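The values are calculated or read from the model by the stated rules, or taken from the named source; none is laboratory data. Please read all numbers here as calculations on a predicted model, not as lab measurements. We place every Cβ from the backbone using ideal geometry, glycine too, and count neighbours over all the protein chains shown. Side chains are part of the model used for accessible areas, which takes the heavy atoms of the whole protein and leaves out ligands, DNA and RNA. Shrake-Rupley method; radii C 1.70, N 1.55, O 1.52, S 1.80 Å.
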Amino acid sequence: MEVVASAPRAPAKTASRLDRARQAAPQVFERLRNAIIALELPPGAPLSRAELAGQFGVSSTPVRDALMRLEEEGLVDVFPQHATVVSRIDIGRAQQAHFLRQALELEIVRLLAASADAALVIRLDHAIALQQQFAKAGEFEAFMAGDNDFHGQLYAAAGKQDLWTLVRSRSGHIDRLRRLHLPSPGKAQNIVRHHRLIARAIEAGDADAAQQHLRKHLSGTLSELDNIRSHHPEYLTD
(Lines give C-alpha, C1' and ligand atoms only; values in the text may rest on other atoms or scores of the structure.)
Protein backbone atom coordinates (compact mmCIF):
# COMPACT_ATOMS: atom_id res chain seq x y z
CA MET A 1 0.00 0.00 0.00
CA GLU A 2 1.35 3.40 -0.96
CA VAL A 3 1.43 6.00 1.80
CA VAL A 4 1.31 9.57 0.56
CA ALA A 5 0.71 12.66 2.67
CA SER A 6 -0.57 15.92 1.34
CA ALA A 7 2.25 18.40 0.85
CA PRO A 8 2.69 20.55 3.99
CA ARG A 9 1.46 24.06 3.46
CA ALA A 10 1.74 27.26 5.43
CA PRO A 11 -1.20 28.22 7.63
CA ALA A 12 -3.49 30.74 5.98
CA LYS A 13 -2.67 34.04 7.61
CA THR A 14 -5.86 35.66 6.32
CA ALA A 15 -7.88 33.32 8.53
CA SER A 16 -5.79 33.79 11.66
CA ARG A 17 -7.55 36.63 13.44
CA LEU A 18 -9.20 35.53 16.64
CA ASP A 19 -12.66 35.82 18.14
CA ARG A 20 -12.37 38.76 20.54
CA ALA A 21 -15.27 37.42 22.61
CA ARG A 22 -13.12 34.47 23.68
CA GLN A 23 -9.83 34.22 25.53
CA ALA A 24 -6.91 34.41 23.12
CA ALA A 25 -4.58 31.69 24.44
CA PRO A 26 -6.99 28.75 23.97
CA GLN A 27 -7.74 29.91 20.43
CA VAL A 28 -4.05 30.19 19.54
CA PHE A 29 -3.52 26.72 21.02
CA GLU A 30 -6.41 25.27 19.01
CA ARG A 31 -5.27 26.86 15.75
CA LEU A 32 -1.68 25.74 16.17
CA ARG A 33 -2.63 22.24 17.34
CA ASN A 34 -4.95 21.77 14.37
CA ALA A 35 -2.23 22.95 11.98
CA ILE A 36 0.27 20.54 13.55
CA ILE A 37 -2.13 17.58 13.37
CA ALA A 38 -2.99 18.44 9.76
CA LEU A 39 0.75 18.64 8.95
CA GLU A 40 0.32 22.21 7.77
CA LEU A 41 3.05 22.72 10.37
CA PRO A 42 5.14 19.58 9.79
CA PRO A 43 7.73 18.12 12.15
CA GLY A 44 10.73 20.42 12.34
CA ALA A 45 8.80 23.57 11.40
CA PRO A 46 10.06 26.58 13.41
CA LEU A 47 7.61 28.60 15.48
CA SER A 48 8.50 32.22 16.17
CA ARG A 49 6.63 33.83 19.06
CA ALA A 50 6.93 37.25 17.49
CA GLU A 51 5.66 36.08 14.10
CA LEU A 52 2.79 34.15 15.66
CA ALA A 53 1.80 37.13 17.80
CA GLY A 54 1.67 39.27 14.66
CA GLN A 55 -0.21 36.62 12.71
CA PHE A 56 -2.90 36.24 15.37
CA GLY A 57 -2.96 39.91 16.35
CA VAL A 58 -2.18 39.29 20.03
CA SER A 59 0.58 40.01 22.53
CA SER A 60 3.31 37.46 23.20
CA THR A 61 1.62 36.15 26.37
CA PRO A 62 -1.18 34.11 24.72
CA VAL A 63 1.35 32.70 22.26
CA ARG A 64 3.67 31.70 25.11
CA ASP A 65 0.80 30.03 26.98
CA ALA A 66 -0.33 28.16 23.85
CA LEU A 67 3.20 26.91 23.16
CA MET A 68 3.50 25.72 26.76
CA ARG A 69 0.33 23.62 26.33
CA LEU A 70 1.65 22.24 23.05
CA GLU A 71 4.91 21.34 24.77
CA GLU A 72 2.96 19.50 27.48
CA GLU A 73 1.29 17.41 24.76
CA GLY A 74 4.68 16.75 23.18
CA LEU A 75 3.78 18.53 19.96
CA VAL A 76 6.53 21.15 20.12
CA ASP A 77 10.09 21.12 21.37
CA VAL A 78 11.19 24.28 23.16
CA PHE A 79 14.88 25.10 23.27
CA PRO A 80 15.25 28.03 25.71
CA GLN A 81 16.94 31.09 24.23
CA HIS A 82 17.22 29.29 20.92
CA ALA A 83 14.10 28.06 19.10
CA THR A 84 10.72 26.37 19.28
CA VAL A 85 10.00 23.75 16.64
CA VAL A 86 7.22 21.28 15.89
CA SER A 87 8.27 17.94 17.35
CA ARG A 88 8.81 14.80 15.35
CA ILE A 89 6.14 12.10 15.67
CA ASP A 90 7.08 10.02 18.69
CA ILE A 91 6.23 6.37 18.03
CA GLY A 92 6.31 5.50 21.74
CA ARG A 93 3.78 8.22 22.55
CA ALA A 94 1.62 7.12 19.61
CA GLN A 95 1.61 3.53 20.88
CA GLN A 96 0.71 4.63 24.41
CA ALA A 97 -2.16 6.76 23.10
CA HIS A 98 -3.41 3.78 21.10
CA PHE A 99 -3.23 1.55 24.20
CA LEU A 100 -5.19 4.06 26.28
CA ARG A 101 -7.83 4.63 23.64
CA GLN A 102 -8.33 0.96 22.87
CA ALA A 103 -8.65 0.04 26.55
CA LEU A 104 -11.32 2.70 27.09
CA GLU A 105 -13.29 2.24 23.88
CA LEU A 106 -13.50 -1.54 24.13
CA GLU A 107 -15.36 -1.09 27.40
CA ILE A 108 -17.44 1.78 26.02
CA VAL A 109 -18.73 -0.14 23.00
CA ARG A 110 -19.54 -3.11 25.23
CA LEU A 111 -21.54 -0.81 27.50
CA LEU A 112 -23.35 0.79 24.56
CA ALA A 113 -24.18 -2.53 22.94
CA ALA A 114 -25.89 -3.56 26.15
CA SER A 115 -28.22 -0.54 25.99
CA ALA A 116 -28.90 -0.52 22.21
CA ASP A 117 -29.83 3.19 22.15
CA ALA A 118 -31.71 3.86 18.91
CA ALA A 119 -31.03 7.62 19.08
CA LEU A 120 -27.30 6.96 19.35
CA VAL A 121 -27.38 4.74 16.28
CA ILE A 122 -29.07 7.53 14.32
CA ARG A 123 -26.35 9.98 15.37
CA LEU A 124 -23.61 7.50 14.47
CA ASP A 125 -25.15 6.88 11.06
CA HIS A 126 -25.30 10.62 10.45
CA ALA A 127 -21.61 10.97 11.35
CA ILE A 128 -20.76 8.07 9.03
CA ALA A 129 -22.72 9.61 6.14
CA LEU A 130 -20.79 12.86 6.52
CA GLN A 131 -17.51 10.99 6.60
CA GLN A 132 -18.46 9.19 3.41
CA GLN A 133 -18.98 12.55 1.71
CA PHE A 134 -15.64 13.87 2.92
CA ALA A 135 -13.87 10.68 1.83
CA LYS A 136 -15.27 10.94 -1.70
CA ALA A 137 -14.25 14.61 -1.89
CA GLY A 138 -10.75 13.94 -0.53
CA GLU A 139 -11.34 16.47 2.26
CA PHE A 140 -8.99 14.88 4.76
CA GLU A 141 -9.18 17.52 7.50
CA ALA A 142 -12.98 17.39 7.50
CA PHE A 143 -12.80 13.60 7.38
CA MET A 144 -10.61 13.47 10.49
CA ALA A 145 -12.96 15.85 12.27
CA GLY A 146 -15.80 13.49 11.35
CA ASP A 147 -13.81 10.55 12.65
CA ASN A 148 -13.39 12.33 15.98
CA ASP A 149 -17.09 13.17 16.01
CA PHE A 150 -18.00 9.48 15.60
CA HIS A 151 -15.82 8.42 18.52
CA GLY A 152 -16.82 11.42 20.61
CA GLN A 153 -20.44 10.32 20.21
CA LEU A 154 -19.53 6.97 21.76
CA TYR A 155 -17.95 8.58 24.83
CA ALA A 156 -20.83 11.03 25.22
CA ALA A 157 -23.46 8.29 25.00
CA ALA A 158 -21.61 6.35 27.70
CA GLY A 159 -21.36 9.46 29.90
CA LYS A 160 -17.56 9.49 29.62
CA GLN A 161 -16.95 12.91 28.03
CA ASP A 162 -14.08 13.70 30.40
CA LEU A 163 -12.29 10.56 29.24
CA TRP A 164 -12.69 11.71 25.63
CA THR A 165 -11.04 14.99 26.58
CA LEU A 166 -8.19 13.00 28.15
CA VAL A 167 -7.82 10.80 25.06
CA ARG A 168 -7.75 13.81 22.74
CA SER A 169 -5.02 15.47 24.81
CA ARG A 170 -2.86 12.35 24.47
CA SER A 171 -3.54 11.69 20.77
CA GLY A 172 -1.41 14.28 18.98
CA HIS A 173 1.26 11.83 17.85
CA ILE A 174 -1.08 9.01 16.78
CA ASP A 175 -3.30 11.56 15.01
CA ARG A 176 -0.34 12.80 12.98
CA LEU A 177 0.48 9.22 12.01
CA ARG A 178 -3.14 8.80 10.92
CA ARG A 179 -2.94 11.99 8.89
CA LEU A 180 0.13 10.66 7.10
CA HIS A 181 -1.64 7.36 6.42
CA LEU A 182 -5.07 8.74 5.50
CA PRO A 183 -4.39 9.61 1.83
CA SER A 184 -3.39 5.99 1.11
CA PRO A 185 -5.73 4.32 -1.40
CA GLY A 186 -8.70 2.78 0.38
CA LYS A 187 -7.74 3.99 3.87
CA ALA A 188 -10.62 6.46 4.29
CA GLN A 189 -13.15 3.95 2.95
CA ASN A 190 -11.82 1.34 5.38
CA ILE A 191 -12.44 3.71 8.27
CA VAL A 192 -16.00 4.35 7.09
CA ARG A 193 -16.58 0.60 6.73
CA HIS A 194 -15.30 -0.09 10.24
CA HIS A 195 -17.51 2.65 11.66
CA ARG A 196 -20.53 1.11 9.97
CA LEU A 197 -19.68 -2.31 11.40
CA ILE A 198 -19.28 -0.86 14.90
CA ALA A 199 -22.60 0.99 14.64
CA ARG A 200 -24.40 -2.11 13.36
CA ALA A 201 -22.98 -4.26 16.17
CA ILE A 202 -24.09 -1.70 18.77
CA GLU A 203 -27.53 -1.56 17.16
CA ALA A 204 -27.77 -5.37 17.28
CA GLY A 205 -26.63 -5.48 20.89
CA ASP A 206 -23.64 -7.64 19.90
CA ALA A 207 -20.89 -6.50 22.26
CA ASP A 208 -18.36 -9.07 21.08
CA ALA A 209 -18.71 -7.99 17.45
CA ALA A 210 -18.54 -4.32 18.42
CA GLN A 211 -15.27 -4.93 20.26
CA GLN A 212 -13.86 -7.03 17.43
CA HIS A 213 -14.55 -4.34 14.83
CA LEU A 214 -13.28 -1.57 17.10
CA ARG A 215 -10.01 -3.38 17.81
CA LYS A 216 -9.37 -3.86 14.10
CA HIS A 217 -10.34 -0.27 13.37
CA LEU A 218 -8.02 1.30 15.94
CA SER A 219 -5.04 -0.87 14.97
CA GLY A 220 -5.11 0.08 11.29
CA THR A 221 -2.48 2.83 11.31
CA LEU A 222 0.02 1.21 13.67
CA SER A 223 -0.16 -2.00 11.64
CA GLU A 224 1.22 0.05 8.71
CA LEU A 225 3.95 1.72 10.77
CA ASP A 226 6.88 0.25 8.82
CA ASN A 227 5.32 1.41 5.56
CA ILE A 228 4.68 4.90 6.89
CA ARG A 229 8.21 5.09 8.27
CA SER A 230 9.71 4.12 4.91
CA HIS A 231 7.93 7.03 3.22
CA HIS A 232 8.44 9.65 5.96
CA PRO A 233 11.56 8.76 7.99
CA GLU A 234 12.30 12.43 8.61
CA TYR A 235 8.97 12.87 10.44
CA LEU A 236 9.28 10.01 12.92
CA THR A 237 11.34 9.20 15.98
CA ASP A 238 11.45 6.19 18.30
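Rolling a 1.4 Å probe over the protein chains gives residue 61 an accessible area of about 60 Å².
When the chain is described by a simple charge dipole with +1 on each Lys and Arg Cβ and -1 on each Asp and Glu Cβ, the residue from 186, 116, 45 located farthest towards its positive end is 45. State, to one decimal in nm, how far the label point of residue 215 lies from the label point of residue 30, with both points 7 Å from Cα in the Cβ direction. The answer from the label model is 3.7 nm. Maximal additional length on extending the residue 79-residue 129 stretch stands at 13.6 nm, based on 0.36 nm per residue less the C-alpha distance.
Extending 7 Å from the Cα toward the beta-carbon at both residue 139 and residue 22 defines two label points whose distance is 1.9 nm.
The simple spin-label model puts a point 7 Å past each Cα toward its Cβ; for residue 68 and residue 156 those points are separated by 3.1 nm.
Summing charges over all other residues whose Cβ lies under 14 Å from the Cβ of residue 173, with Lys and Arg as +1 and Asp and Glu as -1, gives +3. For the chain, with equal point scatterers placed on the C-alpha atoms only and solvent neglected, what are the log10 I(q)/I(0) values from the Debye formula at q = 0.09, 0.11, 0.13 1/Å, to two decimals? These q points yield log10 I(q)/I(0) values of -0.41, -0.60, -0.83. A probe of 1.4 angstrom, applied to the heavy atoms of all protein chains, finds residue 187 with accessible area near 20 square angstrom.
Compute the helix-to-body angle for 207-218: its Cα long axis versus the longest principal axis of the chain, expressed 0 to 90° and rounded to tens. With both axes taken from Cα atoms, the answer is about 30 degrees.
Note on the chain: with charges restricted to the Cβ of Lys and Arg (+1) and Asp and Glu (-1), its dipole about the Cα centre is near 360 debye.
Tell me, what is the per residue accessible area of the chain in Å², probe radius 1.4 Å? Spell out each step's value before the answer.
Numbers: 11600 Å² over 238 residues.
I get 49 Å² per residue for this part.
Taking the longest Cα principal axis of the chain as reference, the axis of helix 60-72 is set at about 40 degrees.
Please label the shape of segment 79-180 as rounded, prolate or oblate, based on the square roots a ≥ b ≥ c of the eigenvalues of the alpha-carbon gyration tensor (a/c under 1.5 means rounded; beyond that, a/b larger than b/c means prolate, else oblate). List each step's numbers first, then the result.
Numbers: a/c = 2.73, a/b = 1.53, b/c = 1.78.
Oblate is the answer for segment 79-180, as a/c is 1.5 or above yet b/c matches or exceeds a/b.
The relative contact order of the chain comes to 29 percent, based on Cα pairs under 8 Å that sit 6 or more residues apart.
Take the solvent-accessible surface of the protein heavy atoms, probe 1.4 Å, and return the percent of it on segment 148-192 that carbon and sulfur atoms account for.
Numbers: 750 of 1540 Å².
With neighbouring chains kept in place, the figure for segment 148-192 is 49 percent.
Counting only alpha carbon atoms, the long axis of helix 187-204 and the longest principal axis of the chain meet at about 40°.
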